[in-house]
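What follows is a set of notes on a single structure, which appears directly below.
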Amino acid sequence: MNRTVKTSTPTNFSELPKDYATLCSILMPRTIHDEIELGSVTEIIDLMAGHDLTEDQADYLNTLATLAADYEDHHVADLRTMPPHEFLAAHLENIGMSGSVWGELIGIDRSTASRLLRGERSLSATHIRNTAKALAIAPELLI
C-alpha cells in the first residue's frame with residue numbers, strides 16, 4: 001500500500017511553493033516503505049535539485065533526501081559490491097537507456113555493448129572513461 005500522500009506534482013520548479021507547509025501538501029515527508037514511494041520522493045528531489053531555494057525549500061529538500069538515502073541504505077544493493085557490468089546494466093535500466101543507445105553514446109557498436117553488459121567482455125579504460133563522462137557517474141563503479 002502506498003502510504004505517501006501525494007497530490008498533483010508541479011512540472012517545473014517555478015510552480016513549487018516557497019514555504020514548508022505548502023510543500024508538505026504536495027508530498028508529506030515520512031518514512032519510505034517501497035519503490036513507489038521512493039519514486040514519488042525522487043520526483044520532487046529531481047524537480048528541486050540545482051535551483052536557488054528558499055530556506056523552507058532547502059529544509060524540505062534535505063528532509064526528502066535524508067528519507068530517500070535512509071530507504072536506499074536499507075533496501076538497495078550496495079553498488080560498490082556489484083560487478084561493473086551488472087552495475088552498468090542496472091544503472092542504464094534505472095535511467096531508461098538501452099544498451100544500444102549507451103553504446104552509441106560512448107562510440108561502440110551494438111554487439112560490443114551487449115557483450116560488455118552481459119559481462120562476456122571487460123570494460124576497457126576507454127569504455128570506463130567515456131561511460132563515466134557520458135552518464136556522469138564515478139569511474140570507480142565501473143572498475
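Computed from the coordinates by the stated procedures, all read-outs in this text should not be read as laboratory data. Model, not experiment: these values are computed from the prediction. Here Cβ is always computed from backbone atoms with ideal geometry, including for glycine, and neighbour counts include all displayed protein chains.
Measuring spread by the Cα atoms of the range 13-75 yields a radius of gyration and Dmax of 11.2, 33 Å.
The helix-only estimate of mean residue ellipticity at 222 nm for the chain, built from DSSP H runs of length n ≥ 4 each weighted as -39500 (n - 2.57), is -17500 deg cm²/dmol after division by the residue total. Along its three principal directions, the equivalent ellipsoid of the range 79-142 from the Cα gyration tensor extends over semi-axes of 15, 12, 12 Å, largest first. The coefficient of translational diffusion for the chain, derived via Stokes-Einstein from the alpha carbon Kirkwood radius under 37 °C and 0.692 mPa s, stands at 191 µm²/s.
Might you report the magnitude of the Cβ-based charge dipole of the chain about its Cα centre, with Lys and Arg at +1 and Asp and Glu at -1, to the nearest 20 debye?
Around 620 debye, computed over the chain.
Report the net charge of residues surrounding residue 116, where surrounding means a beta-carbon distance below 12 angstrom and charges are Lys +1, Arg +1, Asp -1, Glu -1. Net charge in that neighbourhood comes out at +1.
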